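Rule-based calculations on the coordinates, nothing more; no lab input. Nothing here was measured: the structure is a model prediction, and the numbers come from that model. Virtual Cβ from ideal backbone geometry, glycine too; neighbours counted across all protein chains shown.
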Amino acid sequence: MNPSDFPISPPRAWVEIDTAALLENLAYARNAAGCGIMAVVKAGAYGHGLEVISRTLESARVDFLGVANIGEARRIREAGVSSRIYLLGATWEAEREEIVARNITPCVSSLEEAAAFNAIAARRGVRLAVHIAVDTGMGRGGFLAEGIAENFGTLAAMDSLEIEGIASHLSSADEDEEFTWRQIRSFEETVEQLGGAEKFRWRHLSNSAGILGYPVGCRNLARPGLMLYGISPIPGFQESLKNVMSLKSRVTLVRTLPAGHGVSYGRSFVTARPTRIATVGIGYGDGYPRHVSGKGAEVFIRGAKHPVVGRVTMDQIMVELPDDSDVSCGDEVELFGAHIPVADVAGKADTIAWEILTGITPRVQRVYLPENGA
Ligand SMILES: *Cc1c(COP(=O)(O)O)cnc(C)c1O
């Protein structure tokens, strides 16, 4: 059989990604932060596709793209994107040569890390821009406040490094105001202690929740992730953001099951009466979380919401329909998107929107909507 003899069938599960909405959210973040932007594109741009999203953000002239590791930085460069790239976390030895060679900007968390970068840069005859990371309470990376002035002196003496920025990270900006203000004050005090804002070209500590909830005097760069993708980590701002990703699938079967019939593994749901049940071609193998099973998650079909019943299986889920439903095989199903907030799905799955977005598996085709509907 020749592949050209038959049409290739469309995917069973796909995400639609609205890059125009992404750019609107970027504009909102820029305005809310009132400073430069490092757009965070780690984890495949939160599942939206690293290359396309990085190109889109470059077109809007962000100051930096923020990534988790050198592999992501490499993919961005190979996609022809030349925006500056910043590494959001500490590095280990085997990653550093390529970081210097590609002129990626790391933050440094220890003298040992800085000395290693300094040695590589010296050997290659370049001067590497680095940002000094300060641990104001996240406990994941950075220099502790204690003794930082002395360490800064040692860093400043490393000839092949340029200390271009100072950074910290908020641990609880979406859940603990008092602690967040403590972190912000500690960051501002550290900047002062190290010679003041003018010492650093870039000063940054705000993630999405930080941008939305907390003005910071000495900040001139902000690092939005989640809000660019249309989700507000703190209540009150959701209406200001545009939905970017919609997870979709199709109905593959509609039947009426008799009363007393189990639905899905373990028969956790049993019909109380004859019930219309639609089967939909998506499951946890696509990243739709199994943990929503039995939690009253809903999907959107033909203008209405319908509950998922029984357990989510690897490739299929079942949805209860009203008796008079006109839903039929082939109908499009929204799992999350404009009608079903991904945060609701995350809540039902006992997790956070970040994890749902980054958990959409490669089997799910990414479909990009043209900007401006063109
Ligand atoms: C992931 C990350 C961000 C973005 O966080 P959001 O809450 O998604 O806005 C910012 N800064 C650092 C250091 C990060 O790791």
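Placing a label point 7 Å from the Cα of Arg84 along the Cα-to-Cβ direction, the residues of the range 114-132 with a backbone N closer than 11 Å are 129-131.
Let me check against my output: what whole-number percent is the relative contact order of the chain, with C-alpha pairs under 8 Å and at least 6 apart?
Normalised by residue count, the contact order of the chain is 19 percent.
A Cβ-based charge dipole, computed about the Cα centre of the chain with Lys and Arg at +1 and Asp and Glu at -1, lands at about 760 debye. Seen against the Cα atoms of the chain and their longest principal axis, helix 177-193 is set at about 30 degrees.
Put a plus charge on the Cβ of each Lys and Arg, a minus charge on the Cβ of each Asp and Glu, and nothing anywhere else: the dipole of the range 284-374 about its Cα centre is then about 360 debye. Computed over neighbours whose Cβ is under 12 Å from that of Leu221, the net charge equals +4, Lys and Arg +1, Asp and Glu -1. Computed from Cα atoms alone, the Kirkwood hydrodynamic radius reported for the range 210-323 is 16.6 Å.
From helices alone, the chain scores -8500 deg cm²/dmol at 222 nm; the rule is -39500 (n - 2.57) for each run of n ≥ 4 DSSP H residues, then divide by the residue total. Using alpha carbons only, how many angstrom separate the centre of the range 331-368 from the centre of the range 31-99? When both Cα centres are located, 23 Å separates them.
For the chain, DSSP calls about 50 percent of its internal beta bridges antiparallel. In terms of surrounding Cβ atoms within a 10 Å radius of their Cβ, His169, His131, His204 rank from fewest to most as His131, His169, His204.
GNM on the chain, alpha-carbon springs under 10 angstrom: the most fluctuating residue among Ala122, Ala222, Ala114 is Ala122.
For the range 1-92, chymotrypsin sites (Phe, Trp or Tyr not before Pro) meeting the loop criterion (DSSP other than H, G, I, E, B) and having at most 13 other Cβ atoms within 10 Å: Trp92.
With a cut-off of at most 10 other beta carbons within 10 Å, and DSSP calling the residue loop, which trypsin sites (Lys or Arg not before Pro) in the range 1-100 qualify? Please list them.
Passing sites in the range 1-100 are Arg61.
A DSSP coil position with no more than 10 other Cβ atoms inside 10 Å describes none of the chymotrypsin sites (Phe, Trp or Tyr not before Pro) in the range 292-374.
Each residue of the range 329-340 was assigned a 3J(HN,Hα) from its phi angle through the Karplus curve 6.51 cos²θ - 1.76 cosθ + 1.60 (θ = phi - 60°); the sequence is 4, x, 5, 6, 10, 9, 8, 8, x, 5, 9, 10 Hz, with glycine and proline shown as x.
Ignoring lysines fewer than eight residues from Lys242 along the same chain, the ones with Cα atoms less than 21 angstrom from its Cα are Lys42, Lys305.
Proximity of backbone amide H atoms, modeled 1.01 Å from N, is registered between Asp331 and Val251 at under 5 Å, excluding neighbours fewer than 5 places apart on the same chain. Under a model in which nothing but the beta-carbon of Lys, Arg (+1) and Asp, Glu (-1) is charged, the range 20-230 shows a dipole of about 760 debye around its Cα centre.
Histogrammed with a bin width of 20 Å, the alpha carbon distances of the chain distribute as 27, 48, 22, 4 percent, first bin at zero.
Less than 5 angstrom separates the built amide H of Asp135 from those of Phe143, Leu144, Ala145, all sequence-distant by 5 or more or on a different chain.
Among beta bridges from DSSP that stay inside the range 1-146, the antiparallel ones total about 0%.
Neighbour counts of other Cβ atoms within 10 Å put Ser4, Ser83, Ser110 in the fewest-to-most order Ser4, Ser110, Ser83. Here the simple spin-label model places points 7 Å from the Cα toward Cβ, and for His261 and Tyr368 these points are separated by 4.4 nm. Under 5 Å between amide hydrogens, built in the peptide plane, is the criterion, and for Arg84 it picks out Leu65 among residues at least 5 positions away or on other chains.
Would any residue of the range 64-83 have its amide N under 16 Å from a label point 7 Å out along Cα→Cβ of Ala101? List them or say none. Output list for this probe position: 70-78. Round to the nearest 10 and give me the degree value, 0 to 90, for the angle of helix 19-33's Cα axis relative to the longest principal axis of the chain. Once rounded, the angle reads 40 degrees.
With θ taken as phi - 60° and the Karplus curve 6.51 cos²θ - 1.76 cosθ + 1.60 applied, the whole-hertz 3J(HN,Hα) list for the range 356-362 is 5, 4, 6, x, 5, 7, x Hz, x standing for glycine and proline. Between the listed residues Pro307, Pro322, Gly283, the Cα displaced farthest toward the positive end of the dipole of the range 245-369, a dipole computed from Cβ unit charges relative to the Cα centre, is found at Gly283.
Computed from Cα positions, the angle between helix 50-59 and the longest principal axis of the chain comes to roughly 60 degrees.
Our coupling estimate for the range 73-89, obtained by passing each phi through the Karplus curve with A = 6.51, B = -1.76, C = 1.60 and θ = phi - 60°, is 4, 4, 4, 5, 4, 5, 7, x, 8, 10, 4, 5, 10, 10, 9, 6, x Hz, Gly and Pro reported as x. Taking every C-alpha pair closer than 8 Å and separated by at least 6 residues, the mean separation divided by the residue count of the range 9-160 gives a relative contact order of 15 percent.
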